[in-house]
Amino acid sequence: MKRIVFLLLILIVSIQTVHGHNPLSAMYYLEVKDGINILNINLSQDGLNAALRKHFPKIKFEKISKTEFKQLTVSYLKNNFHLDINGSTIDLLEGGIKLGSHQTDAKFMVSSLPETFKKLNVSIKAFAENEQHQTVFSLLLNGKTSKVILNKNNDYTASVNFKNSLMVVSSKTFNKNYLWCFVLVPIFLFVKSRINKESTNT
């Protein structure tokens, strides 16, 4: 019996590790405050390098300058980002990028935002070239932060409404990654039946 419980715990930890650890993730953080709206982007340098090489296969990256690499990165980020709020498209404006050995950071000013957020649609296709990639899109609004996770299962797209300044994901963007939890139900039932059976026999 102890062996069954031990194996079950290993299974749970293994599944959580697979879904919880992703070295090729990206963070997009939109800050709405004090009339200055900034999109902060934090990227894995390895993930960025891999995506750019796949997206621009004809470019020999070992021969281009750091400035050219930054220009390609900015172009790639802007062309693979779409955001609309209350039906109006939000554009990425001027910004800057800081390359690092492990992480690259970028900041962009965004075009004017509405005073009241009712509905938001976000699509970030950047890094979809990388297997198992996921992007976390966070929003700071009226001092409150909420987030959505974009991945292959939802086509790197989410539609949200707002409640108390927090994003509430529409049902159509339900994350299928959580379906693995239901697989554990019959396992728990099996273990419970074995425990009850052994208790009866003793």
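The values are calculated or read from the model by the stated rules, or taken from the named source; none is laboratory data. The shown structure was predicted, so the numbers you read here are calculated from the model rather than taken from an experiment. Neighbour counts are summed over all protein chains in view; Cβ atoms, including those assigned to glycine, are modelled from backbone coordinates with ideal geometry. In case anyone asks, the SASA skips ligands and DNA or RNA and just uses the protein heavy atoms, side chains included. Shrake-Rupley method; radii C 1.70, N 1.55, O 1.52, S 1.80 Å.
What number comes out for the charge environment of Asn86, summing +1 per Lys or Arg and -1 per Asp or Glu over other residues with Cβ under 11 Å away?
Neighbour charge sum, excluding Asn86 itself: 0.
Could you compute how fast the stretch 56-162 diffuses translationally, taking Rh as the Kirkwood radius over C-alpha pairs and applying Stokes-Einstein at 4 °C with viscosity 1.567 mPa s? Give it in µm² per second.
83
Applying the Karplus parametrisation 6.51 cos²θ - 1.76 cosθ + 1.60 with θ = phi - 60° to the phi angles of the stretch 58-63, what ³J(HN,Hα) value in whole Hz is obtained for each residue in order, glycine and proline being reported as x?
Along the stretch 58-63, the couplings run 8, 8, 8, 5, 5, 10 Hz.
With the full set of protein chains in place, find how many percent of the accessible area of the stretch 100-143 is carbon and sulfur; take the probe as 1.4 Å.
Carbon and sulfur together cover 48 percent of it.
Would you please report the Å³ per residue occupied by the convex hull of the alpha carbon atoms in the stretch 80-135?
It comes to 105 Å³ per residue, whole-number rounded.
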